[in-house]
Amino acid sequence: RAPRMTSFNASFSKPLSASRRGILQAAVFAETAFDPADYSATAQKGAGVSLYYRFWRFPLPLGLSQTYSFRDRNLQISGAIGGRF
């Protein structure tokens, strides 16, 4: 929504379960983003939770997140698959 953005993020994650195949983790996070030149029009703040599973042998995390936007007052659920090779 802006030509440049500044953002800050804080998160905490905790392992829930570990097995021979991988690890299940949960995280909570809060974030804010804004354009320093036009703060009032571009400021966004939100918080959320995520749950993801990371395999030991194949670095392919599978995740599900729910984010709440304080400005828009809406919930968004997203899923992700990602990794490095």
Roughly how big is the chain's charge dipole about its Cα centre, with Cβ charges of +1 (Lys, Arg) and -1 (Asp, Glu), in debye to the nearest 20?
460 debye
Could you tell me the relative contact order of the chain? Use alpha-carbon pairs under 8 Å, at least six residues apart, and round to a whole percent.
22 percent
Farthest toward the dipole's positive end in the chain, which of Ser69, Phe12, Ile81, given Cβ charges of +1 (Lys, Arg) and -1 (Asp, Glu) about the Cα centre?
Ile81
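Of all the Cα-Cα pairs you can form in the chain, what percent are over 22 Å apart?
Values: 1428 of 3570 pairs.
Taking all Cα-Cα pairs of the chain, the fraction more than 22 Å apart is 40 percent.
Coordinate-derived values only; no laboratory data. These numbers were taken from a predicted model, which means no experiment stands behind them. All Cβ positions, even for glycine, are placed from backbone atoms using ideal geometry, and neighbour counts span all protein chains on display.
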